[in-house]
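Asks: This is the structure, below, for whatever I ask next.
The values are calculated or read from the model by the stated rules, or taken from the named source; none is laboratory data. Quantities reported herein were computed from a predicted structural model and do not represent experimental measurements. Glycine also receives a Cβ, built like all others from the backbone with ideal geometry; neighbour counts cover every protein chain displayed. Accessible surface areas use protein heavy atoms only, side chains included; no ligands, DNA or RNA. Shrake-Rupley method; radii C 1.70, N 1.55, O 1.52, S 1.80 Å.
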Amino acid sequence: MHFNLFQQSDIPEKYHSNFWHLYFDIAWFGVLSGTAVNFLNVYATRLGASGLQVGLLTAMAAVVNLFLAIPAGRWIEKRHTGRAVFWSSVIFRIGYILWIPLPWLFNAQVQIWVLIVLAFLMAIPYTPLGVGFNALFAEAVPDLYRAHVAGIRNITFAITYMLTSLVAGYILKSLPFETGYQVIFAIGAFGAAMSSYHIYHVIPLEEISPILTSLDAVSTTQADSPRSIRRALRLDIWNTPFRRILIALFIFHLAQYLPAPIYPLFNVHVLNLNDSNIGTGTALFYLTMLLGSTQLRRVANRYGNKKVAGLGAAGMALYPLMLAAAHTVLQFYVLSFLGGFFFAMLNGAYINYMLENIPPNDRPAHLAWYSIALNIAILSSSIAGPSIANITGLVNALIIFGVLRILAGFAILKWG
């Protein structure tokens, strides 16, 4: 890795503050993700959660997002993007604090359902956060530097995720079952608070007043017309070329999330991995992501974000396909190490690919529809993933999901 990646001598000084706060935001988010978020499904599985219950932990958020994405987009349009994203993040992340005392208050099965309910409630502020942050990123980072900033954000995320997942694995191995999880939930909550602190300091480069798109400018005299509902829902976006991108990204996210509820079941019940093994595998995955992210700017500039996203999506098939063939901890470590490279390319490129195709003065509405497509995919995957696994078995399901990821990559390349 080149250590001058974090130097900003070739970047205008007026961008430095935003870029540094974006790096620290994702670094602290890596702490949250490497501890609390990373081990939530494992915790639920060890409490006795079924595949359906593990899926519901994700599905609850998806259900809320489906109903609130469009209103959240319109809410973001009428406010200062930075402040709206900050306060949404604060309210959303209070939920992580509430995970900590659960073992003191409830038995195992009740804890599982409380976690599902909390996931539902946390999804309410998460919806404007998810819609707004991508808009804030676009407003705070000129398109010339987006691949550069995205690559460094991947690196900082990978570093903190990798280190904290290792630490979390050690903590869970050293402390009693529920106490260990309370400690890593507390570490995650602190990381969430620090991430929100840095989001507060990310300032849009141009202070945009409440956005007036060409449709909004049609005036409020049409508010009572039959077309007002269509205008409120921004269905016109589906008559633009962005429709193809929405469909391609929906296919990708569907293939991406289908195996998610299966991983903890396979890792715990088939490979018999302990928490330390899972933490080490996660660290190896993000080590490769770190190394791959150092090349993201060069690769994206050479081949374009669309091609990198498509090939990265297809390459992500490697993880479920290799996991299906794994029998030992060492094989789990190898597939984790290899999988991180493709994730680095994909994770850094697909958002930039999408932002390239969104009109700068109409980002919240387009991102709201992307959020809907994303969450339909998450919701469908949360239900379909365990169902397919129940019918075909865990191994066959992973193979099917791997093939679907390859097809999703081709969908981005051909139709996106």
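Asks: Pick from 375, 272, 65 the residue whose mean-square fluctuation is largest in a GNM of the chain, springs joining Cα atoms under 10 Å.
Replies: Ranking 375, 272, 65 by mean-square fluctuation puts 272 first.
Asks: Further question on the same structure: Translational diffusion coefficient, Stokes-Einstein: compute it for the range 64-195 using the Kirkwood radius over C-alpha pairs as Rh, at 25 °C and 0.890 mPa s, and state it as an integer in µm² s⁻¹.
Replies: Taking Rh from Cα pairs, D becomes 146 µm²/s.
Asks: In whole Hz, what ³J(HN,Hα) sequence does the range 122-134 give by Karplus (6.51, -1.76, 1.60; θ = phi - 60°), x for Gly and Pro?
Replies: 3J(HN,Hα) across the range 122-134, in whole Hz: 5, 5, 5, x, 5, 4, x, 5, x, 5, x, 5, 4.
Asks: Could you estimate the translational diffusion coefficient of the range 106-158 from the Stokes-Einstein equation, with Rh from the Kirkwood formula over C-alpha pairs, at 20 °C and 1.002 mPa s, in whole µm²/s?
Replies: Rounded to a whole number, D works out at 155 µm²/s.
Asks: Next up: So which lysines pass the test for residue 414, namely a Cα distance under 18 Å, with those fewer than 8 places away in the same chain ruled out?
Replies: 306, 307
Asks: Then there's this: Please report the Cα spread of the range 242-383 along all three principal axes, rounded to whole Å, starting with the longest.
Replies: Per principal axis, max minus min of the Cα coordinates gives 50, 37, 21 Å.
Asks: Also, quick follow-up: Could you please report the charge total around residue 268, scoring K, R as +1 and D, E as -1 over all other residues with beta-carbon less than 11 angstrom from its beta-carbon?
Replies: 0
Asks: Further question on the same structure: Note down the accessible area of residue 25, probe 1.4 Å, to the nearest 10 Å².
Replies: 10 Å²
Asks: Per residue, how big is the convex hull of the chain when only Cα atoms are used? Give it in Å³.
Replies: Convex hull volume per residue, Cα atoms: 133 Å³.
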